[in-house]
Each structure stands twice: as C-alpha cells, then as structure tokens.
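Participant: I am attaching a structure below and will ask some questions about it afterwards.
The values are calculated or read from the model by the stated rules, or taken from the named source; none is laboratory data. Everything quoted here is computed from the prediction, not taken from an experiment. Note that each Cβ is placed from the backbone with ideal geometry, even for glycine, and that neighbours are counted across all protein chains shown. Surface areas here come from the heavy atoms of the whole protein model, side chains and all, with no ligands, DNA or RNA. Shrake-Rupley method; radii C 1.70, N 1.55, O 1.52, S 1.80 Å.
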Amino acid sequence: MPAARAAAGTGTLTKGQLMHSVLGDRRSVAILLGPALLVYSLGRLVPMLWSLGYTFFIGSVISGFSWAGTANFGKLLDDPALPTALWFTVKYAVVITVGQVLVGYLLALLYVFFLRRGGAVIRTLVFFPVILPTVAVALLFQKFFEYAPQTGPVNALIEAFGGTGVDWFSTPGNAFLVVAMMDIWRSMGFYAVLLYAGLLDIPDEMMEAAAMDGASTWRLIRSIVVPLSLPVLVSSLVFSINGTLKAFDSIYALTGGGPGSATTPLTLYMYQTSFAYGDYGYGSTIALTLTVLCLLVTVFIFRATRRDLAQG
Amino acid sequence: MTITSHRGKTRTAAAPGPNRRRRDPHRLLRRLPGHICVALLLIVVAYPLVWLFLGSFKTQDEFLNGSATALPESFTNFDNYTTAWSSVAIYLRNSLLTVLPSLALIVILGTAAGFALEVLVWKGRQTTLLLFLADIMIPGQMILLPLFTVYFQLHLTGTLWPLIITYTATGLSLTVFMMATYFRAIPRGVFEAATLDGATIIRSFVSIGFPMMRNSVLTIALVQFFFLWNDLLIALTFTTDDAQRTVQVGLLNFTGQFGVVEYGPTFAAICINVLLILAIYIFLNQRVMRGLAAGAVKG
C-alpha cells in the first residue's frame, strides 16, 4: 500500500513493479485470507487431527480420558457389530447410488426426449424435494408407510387391492426398502437436472444423423446418448457415492438404525458409541474407519475412470 | 438461408429425438406411454406432500378411525397449527439465530479468501486452495468429538455459539472454492486498473470485487442456507437441551413430547417446515437449481 502511494507521487516504479507490490502485498493476503483460514483450520482441520489422537484413548469429556494404546484398534477387529455396520454402509451406498443415478438418468431422458414445452415446470416440481429438510421428509415417510395405529396411504392401497398391510419398519429388508425409496424420492430431481444438462451438451447433428439413418429411439439412446453422456454419469456417481457413504440424517430420522441395528451404518454406529455410550476413543476409531473407506472408494473410482477414459 | 438455419437450430435444440419429425394420426397413441410416465411421476412426487398438507387439518380421531386417503372434515380448523406453533416458534427462532449469522460469516470470509487466493499473487496459494478442498474427503463425524470437548471446556454448551462456529467452518470449504472459481473468470485488468488509480487491494475488494460478485454471492448463500437449515448431525450433537433446539432437532423430538403420537400437530409442524422452504423455492427456484448443480459439479 505504501508502494502505491510512492508510485503515484514519484513515478519511479514501473507498472509491473507496482502490480507486484500491491497484488503481492503480504499484509493484504493476511487480512483477506486470514480469518477464513483460521476458522476453517480451527473448526475442521485441527479437530480432524485431534480425532486421530483420540483413537489412542478411552473415555469421554465428562468421564475423563485415559491412555489406551492400540486397544481401540484391537476392539475394532473383535467387534461383531462393526462388520454389520460396515456392510450396511457399503450396501446402502451402492444401492442408493445406483438407484439415484439410474432414476435420475431415466428422468433426464424423459425430459430430453418427451417433454418439450412445459418441461421446465415439471423439472422444477420434481426438484423440490431435494431442498426439503431430511427430517421433514423422513417423518413424512414414516407416517406414509405407517402400519398402526394409523394406517398410512401405502398400507391403505395394499389393503384396497385385497392384500394385508405390512409393518414396514419391523423387518430389516422392508425398513431398508423404505429408506431406499425415500432417498431416491428426495434426490431423483437433483440427478435428473444434473444429467439433463449433460444430455443437452450432446451435439444435435449426431442425433439428427442417426435419426435420418432410421435409428429407433432406443437404439439412439443406446449407441449415442449413453456413450456420450458417460462423463457426466461418472461424475454423478462419484458425487452420489461420496454422499451416501456419509449418510446419517435420513437413516437416523427414519428408522433410527432399527429394527435392532439392521439399518445402522458406520456414521450412526459412531454416533451411538460416542454419545450414547460415552466412548470417544472407540467412536473416533469408527470415524477413522469411515474416513479410510471414503478415501479408498474415491481413489478406486478415480483410477477406474481414468482407465476408462484412456480406453475410450 | 440464415433464417432457415436458425429455425432448424432452435427446433432441434427444443426437440432432439426422432418423434418430432413424423406427425401421423397415431402420434397421440405413440406418445401415450410418455404421458403415463409423466402422470405417474407427478403423482409420486406431489401426492406425499399433498397428503401431508391435508393431514395437517385432520383431528386425531380422523387419523385413527378415518381412511388415510380421505379429505379432512374441515379446512378452516387451525388448532393443529396453533398447537404446533407453540413449540415450533422457538425452534424456528433458534434456527434463524444460528443460520443467518453463519451465512453472513461464510459469505464474507469465503469471498475474501477466494479473492486472496485468485486475484492476489503469492507463493503457496495453490496449496492453500487444496487445503480448503481437502475438507470434501472428511466425514462430518471426524470433527464432532474434539469440537464437543472444546465447547464443553469453554462452557459454550447450552448456547447457540457451538452451532454458529461449526456451521461457519463447515460452509467455508465449498464457498472458498467456488468464489475462487468465479474470481478466475474476471479479467485481471479490472483490479490492475484500480491499483493504478491508487486503490489499495483491500479497497479494490470492498468496492469492486465483492460488489461484482453480488450474483454469485447470492447463489452461494442460498445453497449454504439449505445445507445449514437442513442440518441434523451438527445440531443434534451440540444442542443439549430443548431451549437450543433448531427446527430439525425439534421436529425429531416433537412426537415424543406428548407421549402418544399427536398426528395433527406433528403434521402441522412438518408442514410449517415444508411451507417455509416452498416460499423460498417459489421465488428462487431457477437459482436454487443452478446453484446446487454447480456445487455438485465443482465439489
């Protein structure tokens, strides 16, 4: 800043020197970047490293901590609940990711090939559940699928067709089904819009040419649309799996992890261990397991897609 | 010539696909499956929400003894809303008091940091940007326990401060990254000219950089608003008693409060939550859709 004034006064600095002294001024960098970097470091980075430290302790902030060495990691290997939670996390992430992206893609195809005028209204409407609070949606689905004392619309429909109502949240399979339906319901509009934007990027000339050659709609989709929208499909998958591996809100609010612990992913298991049982050390160890899982999946996807792109 | 090619282009842009070219009498019949798909889609998306809205006017007796799909007996019975409001009002206040200050901090600090990372020239800015990006890898669960310990030791539990601080730290990563991307698109000459006119860099940011970003700032603020407003994990962890509950945590405990499930007030409480979001969405839907999609592509 003094440099700018000096330049204006004496005119001895060249333009380049002036730019360098002003745009490279360390104090300005500190003033503009400092607060954000400080809050981010103290609120995210330091706690993350600190959490790694907790894996060597036992106890909580209320009961106090004591050194545990590698006992938490030993416990991790012996804990029968861990493989269950890990398996549910993976199952949930894979099923929901495939479901979200697949349904989103079908909707995007519907938007492109069928809806023309009026499409914007439908896209906007289908997008609405995306921004609804997860808790509100979960409570809504709980009541929508309720068995007793109120008979929800789903069971009412089943009974209207002569079937018997289902207690959806009493068996692991059904509870998972409702969670999956809910998560797809509330996110399909998002993936539809994301993939729709990708489909619009396909050059019209290619579609025209194929249509002239007499290709049917299905053939057109299979040989032109799908291959050309592969990049945006892959990035949707990456985004989706990154979110579903960390899913907590929807499951906590809809099933609470039950029946028993049948729908408990690592996120929820970590939360219960830390706050219901007051074991921060083991809770951090589970959180670390989740972080490692996320990293492995990300690395795997990046390597797999890079190979894909190299081949294609 | 130009007119035909122009026409051709707009037509294909509006309607790719082969259906468009053949207009025979069977067209309607062929389009029937598509119409059925759209109708089904609209029912699947809208019916649960309509059912929720109808339910918010029903009495407990209608819920337990009436048909689930029946219309409420009265649309002017606001008893459920009155009952729900008595507790939801506090939750809404808490949510507003945590989300709005966090949003302001996120936007101001995030834009300044994006400016410093993209417009200013210094060693290590690439590394710093990557540092902000690293956050995307970290599950929220990793930071809860250390933060809880700190807030507890500083006697902040029982106030709304833990939420404001955690929300601000959480929102910064994506905001800094997106703002840096937006600043990259602005020609450097703009800021160089300001410098030649004798403006300090802080002044350039306050009077040129930030105002130029008004549109992007609004979009990011909107996206972050939904993230924070809909948050459950952080609010659940750092609120210890009813007086600090945000809308989401309060809603989750709503049914428990009366022992038995009181359907009407519960539905009304969920409905208030949904209508609030709807009110924002009606005015800003295109911006919301664009903002969230951009966040996903960059994140």
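Participant: Under the Kirkwood approximation for Rh and a Cα-based Rg, what ratio Rg/Rh is obtained for the protein assembly as shown?
Facilitator: 1.00
Participant: Something else: If you place +1 on the Cβ of every Lys and Arg, -1 on the Cβ of every Asp and Glu, and leave all else neutral, what size is the dipole of the range B:80-298 about its Cα centre, to the nearest 20 Debye?
Facilitator: Numbers: 11 positive and 8 negative charges, 124 e Å.
Using only the charged Cβ atoms, the result is roughly 600 debye.
Participant: In addition: Taking a temperature of 10 °C and a viscosity of 1.306 mPa s, what whole-number D in µm²/s does Stokes-Einstein yield for the range A:198-258 with Rh from Kirkwood over alpha carbon pairs?
Facilitator: For these conditions, the coefficient is 111 µm²/s.
Participant: Follow-up question, since we're still on this one. Note down the nm distance, to one decimal, between modelled labels 7 Å out along Cα→Cβ at B:Arg30 and at A:Val166.
Facilitator: Going by the 7 Å Cα→Cβ label model, 3.8 nm.
Participant: Another question, then. Search the structure for amide H atoms under 5 Å from the amide H of B:Thr200, placed 1.01 Å from N in the peptide plane, and list their residues when 5 or more places away or on another chain.
Facilitator: HN-HN under 5 Å from B:Thr200: empty list.
Participant: Which residues in the range A:235-270 have a backbone N closer than 15 Å to a point placed 7 Å from the Cα of A:Arg303 along the Cα-to-Cβ line?
Facilitator: Answer for this model: none.
Participant: For the protein assembly as shown, with the dipole built from +1 on Lys and Arg beta-carbon atoms and -1 on Asp and Glu ones, taken about the Cα centre, which of A:Ala180, A:Ala209, A:Leu220 lies farthest toward the positive end?
Facilitator: A:Ala209
Participant: Over the protein assembly as shown, with every protein chain in place, what whole percent of the accessible area is carbon and sulfur at 1.4 Å, could you tell me?
Facilitator: 68 percent
Participant: Putting +1 on Lys and Arg Cβ atoms and -1 on Asp and Glu Cβ atoms, find which of A:Ala93, A:Tyr277, A:Ala36 reaches farthest to the positive end of the dipole of chain A.
Facilitator: Farthest towards the positive pole: A:Ala36.
Participant: Using amide H atoms built in the peptide plane, which far-off residues or other-chain residues are under 5 Å from A:Phe57 H to H?
Facilitator: For A:Phe57, the qualifying residues are A:Ala68.
Participant: Report the full-extension gain for the segment A:Arg26 to A:Leu106: residue separation times 0.36 nm, less the Cα-Cα distance, to one decimal in nm.
Facilitator: 23.6 nm
Participant: Among B:Thr83, B:Leu163, B:Val190, which residue has its Cα positioned farthest towards the positive end of the charge dipole of chain B, with +1 placed on the Cβ of Lys and Arg, -1 on the Cβ of Asp and Glu, and the dipole taken about the Cα centre?
Facilitator: Ranked along the dipole, the leading option is B:Val190.
Participant: Give me Rg over Rh for the range A:37-93, both radii from the alpha carbons and Rh done the Kirkwood way, two decimal places. Don't skip to the answer; put the middle values down first.
Facilitator: Values: Rg = 15.0 Å, Rh = 13.7 Å.
Radius of gyration over Kirkwood radius for the range A:37-93 works out to 1.10.
Participant: Based on the Cβ-Cβ distance from A:Leu296 to B:Ser74, what FRET efficiency comes out when R0 is 60 Å, to the nearest 0.05?
Facilitator: It comes to 0.60.
Participant: Mind putting together the pair-distance distribution for chain B? All Cα pairs, 10 Å bins, whole percent per bin, short to long.
Facilitator: For chain B, the pair-distance distribution reads 5, 19, 22, 21, 18, 11, 4, 0.
Participant: In debye, nearest 20: dipole of the protein assembly as shown around its Cα centre with unit charges on the Cβ of K, R (+) and D, E (-)?
Facilitator: Taking the Cα centre of the protein assembly as shown as origin, the dipole is about 2580 debye.
Participant: Further question: Once the range A:139-204 is represented by equal point scatterers at the alpha-carbon sites, with solvent omitted, what log10 I(q)/I(0) does the Debye formula produce at q = 0.26 Å⁻¹?
Facilitator: Evaluating at q = 0.26 Å⁻¹ gives log10 I(q)/I(0) of -1.10.
Participant: Once amide H atoms are built 1.01 Å from N in the peptide plane, which residues 5 or more positions from B:Thr159, or in another chain, come under 5 Å H to H?
Facilitator: none
Participant: Pairwise over distinct Cα atoms, reciprocal of the mean inverse distance: report the Kirkwood radius of the range B:30-77 in Å, one decimal place.
Facilitator: After inverting the pairwise mean of 1/r, the radius is 12.4 Å.
Participant: Let me know the charge dipole size of chain A about its Cα centre in debye, to the nearest 20, where only the beta-carbon of Lys, Arg (+1) and Asp, Glu (-1) is charged.
Facilitator: The calculated dipole for chain A is roughly 940 debye.
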